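Notes to accompany the following structure.
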Amino acid sequence: MNVSGEVPSEPMPGTEASAAPARGAKWNARRDAIIDTSAQVFARGGYHATGIAELCTVNGLGKGAFYHYIASKEELLAAIHDRVMDEVMIGADRVAQAGGPPSAQLAMLGDELLDVIHRYPDHVWVFLHEFPALTDERAEQFRVRRRVYERRVEAVLRAGVDSGEFRELDARLTAFAWLGMHNYTYLWLKAGGRVSARDVAKPFADIFLRGIEKSTP
């Protein structure tokens, strides 16, 4: 990836502390808009090749105003990752609350994940491509949150094995296969495109479940 023109992600002096306190609804809405707009820029040009000046321009802000909402470029990257993980975990919670047999839960997990990918394609591009740019505590937080979700998928797979719905399988390896199958739809599953997330979710579930279901004698 082209790293020319990289702008260091160090915050403007004093801004890390000023970003910490809770803010009002208007401030949060403007910050969310900055996160969403910046995700498009990172997805188009890459995180390292995008400078603060460009981010200020696309968001219609001067540098001082930009730092009022975002303390550093890396904080912005972390916020994009959090946007994806927040939505994914909300979906996983809905699946857990719905209950049902493991096969139905796995299908619903796929439906929820594809819905996030369909609604946030730029965020997902950044999520999948730029996570190595996160450092220290931010990188660790991302790894922990990602692993929590992976374990949710693994738990459904193990439950399917225990109930006799699924054949004996390596839950972690199978979870990685399931994630790979769904995650990379961001390359072609576009909002406003010919197919919707729900158009893809059912055949994906059928394909995957047929591969792991326990065959009857």
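Footprinting exposure proxy ranking of 165, 140, fewest other C-beta atoms within 10 angstrom first, gives 140, 165.
Anyone know which of 132, 102, 121 comes out most mobile in the 10 Å Cα GNM of the chain? Top of the fluctuation ranking is 132.
About the Cα centre, and with charges only on the beta carbon of Lys, Arg (+1) and Asp, Glu (-1), how big is the dipole of the chain? Nearest 20 debye, please. Mind showing how you got there, number by number?
Working: 26 positive and 29 negative charges, 80 e Å.
Dipole size: approximately 380 debye.
Divide the volume of the convex hull of the Cα atoms of the chain by its number of residues and quote the answer in cubic angstrom per residue.
On the way: hull volume 30.5 nm³, N = 217.
It is 141 Å³ per residue.
Label-to-label distance, residue 25 versus residue 195, with points set 7 angstrom from Cα along the beta-carbon direction: 4.0 nm. Other residues within the sphere of radius under 10 Å centred on the Cβ of residue 115, judged by their own Cβ, net out at -1 (K and R +1, D and E -1). Along the axis of the charge dipole computed for the chain (Cβ charges of +1 for Lys and Arg, -1 for Asp and Glu, origin at the Cα centre), the listed residues 89, 50, 129 are led at the positive end by 89.
For the options 108, 85, 181, a Gaussian network treatment of the chain with springs between C-alpha atoms closer than 10 Å singles out 181 as fluctuating the most.
With the simple spin-label model, which puts each label point 7 Å out from Cα in the Cβ direction, the residue 44 to residue 144 separation comes to 3.5 nm.
Using a Gaussian network model on the chain with a 10 Å cutoff between Cα atoms, which of 35, 207, 80 fluctuates the most? Most flexible of the set in this elastic network: 207.
Residues whose amide H lies under 5 Å from that of residue 166, counting only those 5 or more places away or on a different chain, are 161, 214; hydrogens are built 1.01 Å from N in the peptide plane.
For residue 210 and residue 86, a Förster radius of 41 Å and the Cβ-Cβ distance give a FRET efficiency of 0.80, rounded to the nearest 0.05.
Each reported figure results from applying straightforward, stated rules to the coordinates on display, with no laboratory input. Keep in mind that this is a model prediction, so the values were computed, not measured. Cβ sites come from the backbone with ideal geometry, for glycine too, and all protein chains shown count toward neighbours.
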